[in-house]
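All remarks here apply to the structure that follows.
The values are calculated or read from the model by the stated rules, or taken from the named source; none is laboratory data. This is a predicted model, so every value here is computed, not measured. Every residue, glycine among them, receives a Cβ derived from its backbone with ideal geometry; neighbour counts consider all protein chains shown. In case anyone asks, the SASA skips ligands and DNA or RNA and just uses the protein heavy atoms, side chains included. Shrake-Rupley method; radii C 1.70, N 1.55, O 1.52, S 1.80 Å.
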Amino acid sequence: MLCSDGDARLQRLINTPPAAVPRPGDVLHLAPGDIRWRDGGMTVRVERVRLEISGCYDGAAVWLDVDELDDGGTSVATHQLLVATEAIARQQALVA
């Protein structure tokens, strides 16, 4: 039961789906600032989108399980990253 406007706003925030979501297999070229808690960028291949843990960011970010790729496209590491949906939407627009 919601008791106040603040409770209703909080409920919306924690249940907001990400504004843009990549597909498994998509390659993303992430710039510095596109990944939360990481200073640099990287190129990654999306292995899994974690929608079940991504609803708490007001639609602005999504958790991804990814393979980090080197310049030749070879996987060099695996990561779980919180990526800005703005960066995903920007790359989806380039592909479309």
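Some points to look at:
- Spin-label model, residue 48 to residue 75: label points 7 Å out along the Cα-to-beta-carbon direction sit 1.2 nm apart.
- Listed residues 84, 31, 61, most fluctuating in the chain (Gaussian network, C-alpha, under 10 Å): 31
- Per residue, the solvent-accessible area of the chain (1.4 Å probe, heavy atoms of protein chains only, all protein chains present) comes to 62 Å².
- Checking every one of the trypsin sites (Lys or Arg not before Pro) in the range 29-63 against DSSP loop status and a limit of 13 other Cβ atoms within 10 Å picks out 36.
- Helix-only mean residue ellipticity at 222 nm for the chain, each DSSP H run of n ≥ 4 adding -39500 (n - 2.57), per residue, nearest 500: -6000 deg cm²/dmol
- Simple spin-label estimate for residue 37 and residue 23 in nanometres, 7 Å along Cα-Cβ: 3.0 nm
- Relative contact order of the chain, pairs being alpha-carbon contacts under 8 Å that are 6 or more residues apart, as %: 28 percent
- From phi via Karplus (6.51, -1.76, 1.60), per-residue ³J(HN,Hα) for the range 23-28 in Hz, x at Gly/Pro: 9, x, x, 5, 9, 10
- Percent carbon-and-sulfur accessible area, the chain, ignoring ligands, DNA and RNA, probe 1.4 Å: 53 percent
- Counting every C-alpha pair in the chain, the share spaced more than 19 angstrom apart comes to 43%.
- Furthest towards positive pole of dipole, 60, 41, 30, structure part the chain, Cβ charges: 60
- Rounded to the nearest whole Hz, the Karplus-based 3J(HN,Hα) values (6.51 cos²θ - 1.76 cosθ + 1.60, θ = phi - 60°) of the range 49-58 follow the sequence 9, 9, 4, 5, 10, 10, x, 9, 10, 6, with x at glycine and proline.
- Taking a Cβ cut-off of under 11 Å around residue 18, the surrounding Lys, Arg, Asp and Glu residues balance to a net charge of -1, with basic ones at +1 and acidic ones at -1.
- Estimated FRET transfer efficiency (residue 8, residue 68; beta-carbon r; R0 35 Å; 0.05): 0.30
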